[in-house]
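Report on the following structure.
The values are calculated or read from the model by the stated rules, or taken from the named source; none is laboratory data. All of these numbers come straight from a predicted model, not from anything done at the bench. Cβ: placed from backbone, ideal geometry, glycine included. Neighbour counts: every protein chain shown. With ligands, DNA and RNA removed, areas are computed over all heavy atoms of the protein, side chains included. Shrake-Rupley method; radii C 1.70, N 1.55, O 1.52, S 1.80 Å.
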Amino acid sequence: MAIDSLDDLLAIAVRATARGTELMRTRDPGQLSGKGDRDYASEVDLAVERDLRAFLAEATPHIGFLGEEEGTSGVGDGEQWVLDPIDGTVNFAHGVPLCGVSLGLVRDRRPVLGVVELPFLAGRYTATAGGGAHRDGRPIRIRDAARLHDAMVNLGDYAVGEDAQRRNAARFALAEGVARDALRVRMLGSAAIDLVWVADGRTDVSIALSNKPWDMAAGTLIAREAGAAVVDVDGTPHTLDSSATIAAPPGIVDEVLAVVDVALRAAG
């Protein structure tokens, strides 16, 4: 049977993320495999990715696959599943519940479907392009903060690995600027949660000076479908080729971008 509609594909994606979160609930992190300076994958990261790769290859053989841990497989005609098997691995390994499975479907470099499932917070966030955003089947909408002064802001993690000191100069400057102007600042350790909590009105703004497809594909679509402006640092619509990932209520996105611009200029 041909599977063409986004609703059909969403049902498959939900089945996939449910498999992944069951593994997260029932397995210990196990051995941590180093990926670089202060970066690692757990045994569960690898188990989730391998399980979902096989499941999706069988369910949708016409769609390619990109996983954070083991790269690409399959041949998609402009379509690709993009998976972060555990977004927030360090949180997961330390028993912090801010982590989950993030699965997006990308067509021509733009996400058209997203599922973020949070096994320890009992929440599943979903969206399809033009179909709105939902938590556990109920529509969700951003909280329309009127100014940055009233907004709770999520910041992406500090950089680790090669050239981290130079890359963190902008992040330090950004943290200082946001702390000066925003209601509160949070660093949750999961890009997917940063974005879906903006979508759900739990926080107001997400700023990450990075853009890895497995981190952002699902969450950016969910935030956009919930009413957020999702943009790059220059205010252009966010794509997988953007340099950064910013989600905010449309009424304050220019104010947010101004703070980001000052931080980037201060860091040189």
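Has segment 92-100 got at least one residue that is in contact with a helix residue (DSSP H, G or I) (Cβ under 7 Å, 6 or more places away or on another chain), under 20 Å from ALA192 (Cα atoms), at pLDDT below 95 and open to solvent by less than 40 Å² (accessible area, probe 1.4 Å)?
There is no residue in segment 92-100 that is in contact with a helix residue (DSSP H, G or I) (Cβ under 7 Å, 6 or more places away or on another chain), under 20 Å from ALA192 (Cα atoms), at pLDDT below 95 and open to solvent by less than 40 Å² (accessible area, probe 1.4 Å).
Give ALA182, ALA229, ALA192 a once-over and let me know the one that is closer than 26 Å to PRO119 by Cβ and among the small types (Gly, Ala, Ser).
Unique residue meeting the criteria: ALA192.
Restricting attention to segment 214-223, does a residue exist that is closer than 26 Å to LEU103 by Cβ, modelled with pLDDT of 95 or more and open to solvent by 20 Å² or more (accessible area, probe 1.4 Å)?
Taking every residue of segment 214-223 in turn, at least one turns out to be closer than 26 Å to LEU103 by Cβ, modelled with pLDDT of 95 or more and open to solvent by 20 Å² or more (accessible area, probe 1.4 Å).
Examine segment 28-37 for a residue that is of a type outside the set (Ser, Thr, Tyr), in contact with a helix residue (DSSP H, G or I) (Cβ under 8 Å, 6 or more places away or on another chain) and open to solvent by less than 10 Å² (accessible area, probe 1.4 Å), and state whether such a residue exists.
Checking segment 28-37: not a single residue is of a type outside the set (Ser, Thr, Tyr), in contact with a helix residue (DSSP H, G or I) (Cβ under 8 Å, 6 or more places away or on another chain) and open to solvent by less than 10 Å² (accessible area, probe 1.4 Å).
Just name the residue that is surrounded by the most Cβ atoms within 10 Å (Cβ to Cβ) out of those in segment 234-260 that are of a type in the set (A, V, I, L, M) and farther than 16 Å from ASP181 by Cα.
Per the criteria, the residue is ALA247.
Between a first residue in segment 178-200 that is open to solvent by 10 Å² or more (accessible area, probe 1.4 Å) and a second residue that is of a type in the set (Gly, Ala, Ser) and assigned to a helix (DSSP H, G or I), which pairs have beta carbons less than 8 Å apart while being 6 or more apart in sequence or on different chains?
VAL185/ALA175; VAL185/ALA179; ALA191/GLY219
Using the structure shown, decide if LEU52 is surrounded by 22 or more Cβ atoms within 10 Å (Cβ to Cβ) and out of contact with any Asp or Glu (no Cβ under 9 Å at 6 or more places or on another chain).
yes
Exactly one of these conditions fails for ARG138: (1) at pLDDT 95 or above; (2) open to solvent by less than 90 Å² (accessible area, probe 1.4 Å); (3) not aliphatic (A, V, I, L, M). Give me its number.
Every condition holds for ARG138 apart from (2).
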